[in-house]
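Read-outs throughout are calculated quantities, based only on the coordinates presented, and are distinct from any laboratory measurement. Only a predicted model underlies this, so the values are computations on that prediction, with no experimental measurement involved. Reconstructed Cβ throughout: ideal geometry from the backbone, glycine too, with neighbour counts over all protein chains shown.
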Amino acid sequence: MIRLDTLRLQVPTDTIKNIDFGKFTEDTKKDNETQEVIKRIEKIKDKYKPIGLSEFTFNENYFTLTMSAKVLKKSYYELITKNTIEEVFNNVNQSKALELDINTAIDRAEVLRCDVTNNLKVSKSVDSYLKLLYNYKLNRNYLVSKYHQHGGSVIFKRDVKTYKERMIFYNKEFEILRDKQLIKFFTSKEFRQFENDLRCEQNITSFKNIREQFKIGTHNLKDVLNSTAKPNLRVYDRITDKKLEALLLFEEYDNKKIRFQDIVKMEGMKGIIKKFNYNEKLIREFIRHYYKGQPSHWNKKFSNMIRKLQSERETNKKEIASIQEIRRLLEVA
């Protein structure tokens, strides 16, 4: 199911049933030469904005509504979906600044931009997944940033000709703890739904990208919410299309003072060990056959490397499983 957090809509003004102009301020734009008013916009005053509503402006033809799923209050975890969209507009109406014809507004609303969002309930600490995802900084198609404050986040950016692709993973539980306005809507028991919650968000900011990501022919709100596409899975697959084992090789030697020839020597030893399937007895026979000096030096080196590889192999298996876990969660989201 499509779930949205931040959402910017354009809706025909004739879907407004009633309005209290005293709760709006008028903003005008004038022609520099004639001083004639060429654009008049009404903006809702901050004190009348319900939680989650960051913008409500209108002119004679359309109103623009920018909000986050926080407008849902206790239902925030569910995000904006085809099942919660009526509740979203009901809560906007509770501002008392205006009354919308909810069904008509939903039918005629067009999406200007949105953040398609998934709450991924992971099996280990969120931080371990963030550290792992950051390894994909070596995917040269993306600019990858990591931030440690407020529970941590990893951001992937890619410039496409017609839009900028941006996906972020972060610890939602920490963000909620910092939001003093939102957290008051949850009891301690209700707050537990955010535990081990790896939040995945993608910013979709153009009409073309809306149509492509949701696989629809319009940017109508109902078409977006009823889409069966999986936009975040699509981008995640593009981010993680590089083999993690290869990326971890970069990570292993990154920021270490080591000569390239020594890296080649160590990776050559690893290759020999893998060819012999970690059989130390066969490796020692191989050393005796080809090395004319005392084999004890190389026996010890290979023995230590086998122990190191066995440990790494278990770690790599777990890390690959975690990357696959995120993918499975996005697939069923």
Computed label-point distance, nm, for sites Asp46 and Arg259 using a 7 Å Cα→Cβ extension: 6.3 nm
Longest to shortest principal axis, alpha-carbon extents of the chain, angstrom: 94, 53, 34
Arg238 versus Thr13: modelled label distance in nm, points set 7 Å from Cα along the beta carbon direction: 3.8 nm
Those trypsin sites (Lys or Arg not before Pro) in segment 35-124 that DSSP places in a loop and that have at most 14 other beta carbons within 10 Å: Lys45, Lys96, Lys124
Backbone HN-Hα couplings from phi across segment 326-333 [Karplus 6.51/-1.76/1.60, Hz, Gly and Pro as x]: 4, 4, 4, 5, 5, 5, 9, 5
FRET E, pair Phe185, Lys222, Förster distance 25 Å, beta-carbon r, rounded to 0.05: 0.40
Length added when fully stretched, Val332-Lys157, from 0.36 nm per residue minus Cα-Cα: 60.6 nm
Value of relative contact order over the chain, rounded to a whole percent, pairs C-alpha under 8 Å and six or more apart: 18 percent
Listed residue pairs exceeding 25 Å between alpha carbons, taken from Lys43/Lys215; Lys257/Lys318; Lys157/Lys243; Lys257/Lys300; Lys137/Lys301: Lys43/Lys215; Lys257/Lys318; Lys137/Lys301
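Could you compute the net charge surrounding Thr15? Neighbours are other residues with a C-beta less than 11 Å from the C-beta of Thr15; K and R count +1, D and E count -1.
Its environment carries a net charge of -2.
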Angstrom value of the Kirkwood radius, inverse mean 1/r, which spans all Cα pairs in segment 174-240: 14.6 Å
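Remind me, relative contact order of segment 1-108 in percent, using alpha carbon pairs under 8 angstrom and six or more residues apart?
35 percent
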